[in-house]
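Q: First the structure, which I've put down as structure tokens, then a few questions once you've had a look.
The values are calculated or read from the model by the stated rules, or taken from the named source; none is laboratory data. Note that the structure is a prediction, hence the values are computed from the model and not measured. No Cβ is skipped: glycine too gets one built from the backbone with ideal geometry, and neighbour counts run over all protein chains shown.
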Amino acid sequence: MHIIATIFIGLIVGLVARFLKPGDDSMGWIMTILLGIGGSLAATYGGQALGIYHAGQSAGFIGAVVGAIVLLVIYNLIRKN
């Protein structure tokens, strides 16, 4: 059940990141989910390691969205080259 919740949260975070970042982001559902999961993992563990927030705080979701936006920008830069 934990993996299904992770995929669902990754989808939500990926969709929010794609909505907030301007421009054309033509990618499928799988890439959106992977982007959201990657952003969530990077921001969650990075934010907790830096002491910005603790596990279970609402700042974790905001950090996950910011991490997914950063990954989306990097993905677009790599894909254009």
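Table: residues versus (1) touching a residue at least 40 places away in the same chain (Cβ under 8 Å); (2) hydrophobic (A, V, I, L, M, F, W, C); (3) in a loop (DSSP other than H, G, I, E, B).
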position: PHE8; (1), (2), (3): no, yes, no
position: THR32; (1), (2), (3): no, no, no
position: ILE37; (1), (2), (3): no, yes, no
position: TYR53; (1), (2), (3): no, no, yes
position: ALA64; (1), (2), (3): yes, yes, no
position: ASN76; (1), (2), (3): yes, no, no
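Q: Still on this structure, please answer the following. Can you pull out every residue in the range 41-80 that is β-branched (Val, Ile, Thr) and farther than 17 Å from LEU20 by Cβ?
A: THR44, ILE52, ILE78
Q: Only one of ILE9, ILE33, ILE4 is farther than 14 Å from VAL73 by Cβ, exposed (fewer than 10 other Cβ atoms within 10 Å of the Cβ) and either modelled with pLDDT of 80 or more or β-branched (Val, Ile, Thr) (or both); which?
A: Sole residue among the options that is farther than 14 Å from VAL73 by Cβ, exposed (fewer than 10 other Cβ atoms within 10 Å of the Cβ) and either modelled with pLDDT of 80 or more or β-branched (Val, Ile, Thr) (or both): ILE4.
Q: Condition test on ALA49, is it at pLDDT 80 or above, surrounded by fewer than 18 Cβ atoms within 10 Å (Cβ to Cβ) and hydrophobic (A, V, I, L, M, F, W, C)?
A: So ALA49 fits the description; yes.
Q: In contact (Cβ under 8 Å) with a residue 12 or more places away in the chain and loosely packed, with under 14 Cβ neighbours inside 10 Å: does that describe LEU20?
A: Against the criterion (in contact (Cβ under 8 Å) with a residue 12 or more places away in the chain and loosely packed, with under 14 Cβ neighbours inside 10 Å), LEU20 qualifies.
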